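Okay, structure first, notes after.
The values are calculated or read from the model by the stated rules, or taken from the named source; none is laboratory data. Values in this document were obtained by computation on a predicted structure and should not be read as measured data. Every residue, glycine as well, gets a Cβ built from its backbone with ideal geometry; the counts of neighbours run over all protein chains shown. With ligands, DNA and RNA removed, areas are computed over all heavy atoms of the protein, side chains included. Shrake-Rupley method; radii C 1.70, N 1.55, O 1.52, S 1.80 Å.
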Amino acid sequence: MSLIGLDLDSAPDLIQSVPAPRLRRQVWLRTASGQRLAYATSWWEASHVDEYLQNRSLPIWASLARLRTELYRDVRGIYYGNSEALQLGFGVDGPFWGRHYLFWHHGQPLTLIYEVFSPYLTKYLGPMQLSSRNGKI
């Protein structure tokens with residue numbers, strides 16, 4: 001975790017919804033063997049992050065579930081594309097799917113999360129395919 005203060009950190013514009021000063025948390029989500037499956041960045045209000053991430057080595061969802069924190073996930077952006085940096089990080093060619101969203105708690109933004117998923121996930125989920133409806137994709 002890194003203190004970024006008032007910096008907008010090249011994050012989605014929604015970062016302004018998270019009160020400053022802010023902390024940035026970056027993680028790679030991996031299999032037990034070390035294969036990277038997802039990259040995630042989250043931005044937190046620095047003065048409250050310890051209330052929700054009491055054990056920073058745990059995934060966010062695990063920390064929030066242990067506290068029985070009620071949340072609303074507000075997905076605000078979905079992405080599909082290529083990135084050389086992500087290709088190097090994942091060790092596989094793109095394209096990559098990503099999204100960003102806010103977690104709301106008690107009517108207030110709790111954290112902004114940006115996630116990107118490795119195409120390697122198709123090993124577990126099956127191949128990606130576009131489906132057509134009425135002959136249109």
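The residues listed here are Ser10, Ser57, Ser47; of these, the one that is in a loop (DSSP other than H, G, I, E, B), at pLDDT 85 or above and of a type in the set (S, T, N, Q) is Ser10.
If you scan region 13-40, which residues turn out to be among the hydrophobic types (A, V, I, L, M, F, W, C), assigned to a loop (DSSP other than H, G, I, E, B), over 20 Å from Lys123 (Cα atoms) and free of Cβ contacts under 8 Å to residues at least 60 places away in the same chain? Once the filter is applied, which keeps residues that are among the hydrophobic types (A, V, I, L, M, F, W, C), assigned to a loop (DSSP other than H, G, I, E, B), over 20 Å from Lys123 (Cα atoms) and free of Cβ contacts under 8 Å to residues at least 60 places away in the same chain, region 13-40 yields only Ala20. Taken together, the residues in region 91-119 that are surrounded by 13 or more Cβ atoms within 10 Å (Cβ to Cβ), outside any strand (DSSP E or B) and in contact with a helix residue (DSSP H, G or I) (Cβ under 7 Å, 6 or more places away or on another chain) amount to 3. Each residue in region 1-26 was checked for being farther than 16 Å from Tyr101 by Cβ and aliphatic (A, V, I, L, M), and 7 pass. So which residues in region 11-38 are closer than 18 Å to Leu53 by Cβ, of a type in the set (D, E, K, R) and open to solvent by 30 Å² or more (accessible area, probe 1.4 Å), if there are any at all? Arg24, the sole residue that qualifies.
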